[in-house]
Amino acid sequence: MRVRTAVTILLILLLASVTAVNWSLLTTPSELNLLLLKLNAPLGVLMLGLIGALLVFHFVVVVELKTKALLESRKRAKELEKARQVAIEAMSQAKPTDSEALDATKDEIEGVNREKNQELSER
């Protein structure tokens, strides 16, 4: 488990325990001024609801970012595979005198392929 995930879970558990211990205080009604409207509602429950909404929003954003990164890496992998196939096809159609140039091109393409695969694996 990553440190960030562990810290997030720890903070959620801490918030839940503080909420459980102080539930009677959180549910005590108080007068709230919402600029255009005055309500008599429990401020603690309202704030707890806002924290929950922010938490859900955070998780949605994280999932969206991870999904975009995954789709981008798949797209790059497909592009690399196409480039490799083109290089293989070019090598198979080459004249024997072009073999040295093709070997150099093949090495260059394989180097770029390794770099891109390393970039993808680091994400």
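Laboratory data are not the source of any read-out in this text; all were calculated from the coordinates shown. Just so it is clear, the model here is predicted, and its values are computed rather than measured. Glycine also receives a Cβ, built like all others from the backbone with ideal geometry; neighbour counts cover every protein chain displayed.
Ranked for footprinting exposure by Cβ neighbours inside 10 Å, fewest first, 27, 5 give 5, 27. Rounded to the nearest 20 debye, the dipole size of region 3-122 about its Cα centre is 600 debye, using +1 on the Cβ of Lys and Arg and -1 on the Cβ of Asp and Glu. Taking label positions 7 Å along the Cα-Cβ direction at both residue 85 and residue 120, the computed distance is 1.4 nm, reported to one decimal. Counting Lys and Arg as +1 and Asp and Glu as -1, what is the net charge of the other residues whose Cβ lies under 15 Å from the Cβ of residue 114? So the surrounding residues net to -4. Residue exposure proxy: 109, 9, ordered by other Cβ atoms within 10 angstrom of their Cβ from fewest to most, comes out as 9, 109. Close amide H partners of residue 32, meaning residues 5 or more places away or on another chain with modelled amide H under 5 Å apart, are 39, 40, 41. Legend: translational diffusion of the chain by Stokes-Einstein, Rh = Kirkwood radius over C-alpha pairs, 37 °C, 0.692 mPa s; D = 163 µm²/s. Between residue 108 and residue 74, the distance separating the two model label sites (each 7 Å from Cα on the Cα→Cβ line) works out to 3.2 nm. Screening the chain for whole DSSP H helices with an alpha carbon extent of at least 18 angstrom along the helix axis and a mean Kyte-Doolittle hydropathy of at least -0.5 yields 3-21, 43-93. Panel order for 47, 1, by other beta carbons found within 10 Å of each beta carbon, from fewest to most: 1, 47. Computed from the C-beta positions of residue 3 and residue 65, the FRET efficiency with R₀ = 22 Å rounds to 0.75. Per residue, the average separation of C-alpha pairs within less than 8 Å and at least 6 apart gives the chain a relative contact order of 14 percent.
Shape index of region 1-64: Rg/Rh, with Rg the Cα radius of gyration and Rh the Kirkwood radius from the inverse mean 1/r over Cα pairs, equals 1.10.
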